[in-house]
1. For the residues Asp66, Asp50, what sequence is obtained by ranking on other C-beta atoms within 10 Å, fewest first?
2. What do you get for Rg/Rh of the chain when both radii come from the Cα atoms and Rh is the Kirkwood radius?
3. Can you compute 3J(HN,Hα) from phi for each residue in the stretch 48-59, using the Karplus curve 6.51 cos²θ - 1.76 cosθ + 1.60 with θ = phi - 60°, rounded to whole Hz and x for Gly and Pro?
4. Can you put Tyr55, Tyr33 in order, fewest other beta carbons within 10 Å first?
5. Name the long-range amide H neighbours of Phe7: under 5 Å, sequence gap of 5 or more, or other chain; modelled H, no Pro or chain starts.
Amino acid sequence: SGAEGDFRRGDMIEVVLRDAAGEQRIARGVTQYSAVDVRRIARHHSRDIDGLLGYNYGENVIHRDDLVVLS
């Protein structure tokens with residue numbers, strides 16, 4: 001979990017799965033948080049977002065309504 005690169009809230013980003021076999025792009029979506037925000041909230045519970053950032057755009061980095069799963 002985490003973020004690479006630089007993106008802002010509202011940008012289209014790719015979700016990449018990395019494992020021993022390499023990397024696979026598994027989805028694309030519109031992000032609710034910037035890359036800086038994602039790095040701050042990574043590995044924390046969604047209930048902690050307000051305390052970490054001082055604001056909360058929702059408990060998901062990409063809401064399912066804004067997500068396309070790639071085959």
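Coordinate-derived values only; no laboratory data. Note that the coordinates shown come from a computational prediction; the quantities given were computed from them, not determined experimentally. Heads up, the Cβs are rebuilt from the backbone with ideal geometry, glycines too, and the neighbour counts pull from every protein chain shown.
1. Numbers: Asp66 14, Asp50 10.
By the 10 Å Cβ count, ascending, the order reads Asp50, Asp66.
2. Details: Rg = 12.4 Å, Rh = 12.8 Å.
Reported Rg/Rh, Kirkwood definition of Rh: 0.97.
3. Residue by residue, the stretch 48-59 yields 8, 4, 4, x, 6, 10, x, 7, 8, 9, x, 7 Hz.
4. Values: Tyr55 9, Tyr33 24.
By the 10 Å Cβ count, ascending: Tyr55, Tyr33.
5. Amide H to amide H, under 5 Å and 5 or more residues apart or across chains, Phe7 pairs with Ala35, Val36.
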